[in-house]
1. Take the Cβ-Cβ distance between residue 174 and residue 76 as r, set R0 to 51 Å, and report the resulting FRET efficiency rounded to the nearest 0.05.
2. Using the count of nearby Cβ atoms within 10 Å as a rough guide to exposure, how do 343, 260 rank from fewest to most?
3. With each pseudo-label sitting 7 Å past Cα toward Cβ, what's the residue 166-residue 303 distance in nm, one decimal?
4. Among 280, 157, 22, which comes first, second and so on when ranked by fewest other beta-carbon atoms within 10 Å?
5. First measure r as the distance between the Cβ atoms of residue 55 and residue 84, then evaluate 1/(1 + (r/R0)^6) with R0 = 51 Å and state the FRET efficiency to the nearest 0.05.
6. Would you mind ranking 196, 18 by Cβ crowding within 10 Å, fewest neighbours first?
7. Step through the table entries 170/190; 170/325; 5/181; 204/263; 5/170; 5/167, compare each Cα-Cα distance with 28 Å, and write down the pairs that go over it.
8. Calculate the spin-label point distance for residue 245 paired with residue 15, positioning each point 7 Å from the Cα along the beta-carbon direction, and give it in nanometres.
Amino acid sequence: MDNLKKANQVLLFLALLFTFLYYGSSFLIPFVFGIFFTTLIIPLSRFFQNRLNLNHILAALASTIILFVAAGSILFLLIYQINHFVSDFSDSREQIQSFINDLQEQISSLTNLSEYEQNEIWKKRSKGVMDIIESWATGAFGNILTTLGNFLIMLIYVFLLLIYRTKFTKFAMMYSENKDKAEVRDILHKTSGVAFQYLLGRIKVMGILSIMYIITFLLFDLPYAILLTIFGALITIIPYLGPLISGLLPVLFAIIFFGDIQKTVIFAIIVVIIQLIESYVLEPLIMGKQIELNPLAVIIMIIIGGMVWGLAGMILFVPMFAMFKIISAHISSLRPVGFLVGDSGAKKPEK
């Protein structure tokens with residue numbers, strides 16, 4: 001009976017948590033992003049306070065402005081490139097349609113359908129594909145105001161969190177007993193460290209990946225090179241799924257726009273090499289084991305994050321769960337969960 005009661009309590013807690021995350025997404029997404037970016041620029045704020053003798057408010061303001069300029073420049077460039085892509089889409093539509101028609105002819109030669117049936121089927125399908133692409137591009141541009149609004153709200157959170165960061169620490173200490181204060185301080189230090197190292201490491205990886213991408217794209221004269229570079233670097237922040245999309249998209253553009261099989265194959269090989277460097281050299285060297293979650297837990301968090309918060313959830317849920325793992329190590333009832341999702345302790349099954 002007690003076990004059943006505990007199971008019901010856990011299920012109720014998970015249901016309430018899921019409901020809170022889902023319906024509170026408009027507030028939580030920019031707030032959580034704000035927390036992560038705050039941990040990133042705390043060292044900069046401390047530098048302004050200790051080295052330039054600015055008070056904590058001016059130091060927080062200066063740090064937030066630097067974050068606004070850096071992130072805002074990338075966001076502005078991305079929006080500008082998306083706008084450019086949408087504007088040119090009508091001109092590129094014929095070239096994309098020509099590629100689809102050529103592909104249709106090659107596939108049609110392998111089928112037993114009559115020529116008329118093949119043409120009718122492919123016309124309907126290709127038109128649907130083009131409509132989907134155009135709708136996606138237009139929709140992405142239509143959400144720009146929402147993105148900008150969330151970005152500005154996030155900056156406000158960052159500024160306020162920088163100012164009151166010591167209050168949050170003292171608040172946590174007030175709810176802990178004297179014997180637990182050292183442990184609470186350790187939890188706060190480790191969780192903020194995970195957020196800082198994860199975000200900083202991702203920025204370094206994306207920066208190096210951007211350099212390799214832009215050099216390759218410009219050498220091969222790939223259309224929309226800047227847009228593909230920015231998007232390809234940013235999307236890699238999503239583990240596993242992001243690097244796959246980052247590599248496939250430029251290869252797809254190359255297949256459509258190059259018109260040269262040999263050039264396309266060479267380009268695809270170079271992109272694969274860049275992806276291997278990113279996955280097996282940059283990630284282990286720079287990121288190390290910042291999140292310390294096993295691959296199964298990471299994939300589950302990506303899926304759940306996508307269900308609850310969409311793209312933002314796919315980005316945020318993995319480091320959030322890594323922070324939860326740190327907390328679980330200090331709570332006896334949650335230690336089994338931390339062990340289950342961790343990347344250590346796995347053993348080969350006995351024969």
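1. On the way: r = 42 Å, r/R0 = 0.83.
That pair, residue 174 with residue 76, gives E of 0.75.
2. The most exposed by this proxy come first: 260, 343.
3. Taking the two extended label points, one gets 4.6 nm.
4. 280, 22, 157
5. Details: r = 43 Å, r/R0 = 0.84.
After rounding to 0.05, the efficiency reads 0.75.
6. So the residues, fewest neighbours to most, are 18, 196.
7. Values: 170/190 16 Å; 170/325 23 Å; 5/181 32 Å; 204/263 30 Å; 5/170 35 Å; 5/167 37 Å.
Distance filter (> 28 Å) returns 5/181; 204/263; 5/170; 5/167.
8. Modelled inter-label distance: 3.2 nm.
A short reminder: the numbers here are calculations on the coordinates, not readings from a lab. In this text, all values refer to a predicted model and were calculated from it rather than measured experimentally. Cβ coordinates were reconstructed from backbone atoms using ideal geometry, including for glycine residues, and neighbour counts include every protein chain displayed.
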